[in-house]
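The block underneath contains the structure these notes are about, expressed in structure tokens.
Derivation of every value follows stated rules applied to the coordinates shown; laboratory data play no part. Please read these numbers as outputs of a predicted model, since none were measured by experiment. Don't worry about glycine lacking a Cβ; one is built from the backbone with ideal geometry, like all the others, and counts go over all protein chains shown.
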Amino acid sequence: MRLPVDPTTMNSGSSNFLLVPIQEYPVLDCVPNKNVKIVVLGASNVGKTALIVRFLTKRFIGDYEANTGALYSRKINLDGEQVSLQVQDTPCVSLQGVWCHLEHSPCISLQDDAEGLYCQEQINRSIYWADGYVLVFSITDHSSYRTIQPLYQHVRRIHPAGNIPVILVGNKSDLLRARQVPADEGETLAASLGGAYFEVSARENHEGVHSAFLHLCGEVSRALGGGNGEKRRGGLHLARPKSPNMQELKRRFRQVLSSKGKSSATTL
Ligand SMILES: Nc1nc2c(ncn2[C@@H]2O[C@H](COP(=O)(O)OP(=O)(O)OP(=O)(O)O)[C@@H](O)[C@H]2O)c(=O)[nH]1
């Protein structure tokens, strides 16, 4: 959930950031009825942004500035056909989020302050909007693996009917010595979600990342049966998720803090 930064806007203390231009094309230039929308979800620091950047630019830059949950648009060739692809990075799912009642009643519960609620809303909107889901964990972080099942259940609650095109990605496969999640656990979980498992390294390998995303695009395209997402959902129309307005987010955050301050002052 972080983005590469334009170095021309950086001060000298941040020179480790590189510019990775990800070309967009005008929304009106979409291929009619061939619009694939996917969202990348997962815990903090698992490499969601790195995977998207790797897929779209073939590059790994290693460091990303704090992000906004950007939406990337591209045209891709899928089985010989031009398809408009939109990839949504998700903001904030990694906050000091609590994944409540993991085994018994899976649900996502982020912080209940303004920032947490705002992020949860962003994530829910992205899940509604998308046709396909990339669920990412890091093979070096078992807790990120444990977030996948409740995350999937959350997607299921939002889309209770029908087949959900999904892939499970175990990232950071270059860090074998730090592995905490065996490959067969990934395979088993993916099978239980009804999707394919890809173990990849955004850092070391473009091909693995590329095949994972393309596989999902193919699944989405088949699930949509040549039409677009609105058809699958029987006309449900949801607006494209907006990137968080950071000014508004900060304003709401300050508001919550100041109201907390006031209430504790009055109880003294
Ligand atoms: N070794 C290794 N490091 C990776 C890989 N992918 C990402 N990273 C590193 O992991 C860190 C997190 O990557 P991000 O892409 O920012 O992860 P994210 O899931 O978007 O993170 P949040 O913004 O915290 O949600 C960065 O330091 C990346 O350089 C990988 O395949 N291998």
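Summary of computed values
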item: Listed peptides 179-190, 79-90 by packing density, highest first (mean Cβ within 10 Å); result: 79-90, 179-190
item: Karplus (6.51, -1.76, 1.60) ³J(HN,Hα), θ = phi - 60°, over the range 200-206, in Hz, Gly and Pro reported as x; result: 9, 10, 4, 6, 10, 8, 7
item: Total formal charge among the other residues, if their Cβ is under 15 angstrom from that of A178, Lys/Arg +1 and Asp/Glu -1; result: 0
item: Computed E for H215/S192 - FRET, C-beta separation, R0 22 angstrom, nearest 0.05; result: 0.80
item: Net length gained if the chain between N205 and D79 were fully extended (0.36 nm per residue, minus Cα distance); result: 43.1 nm
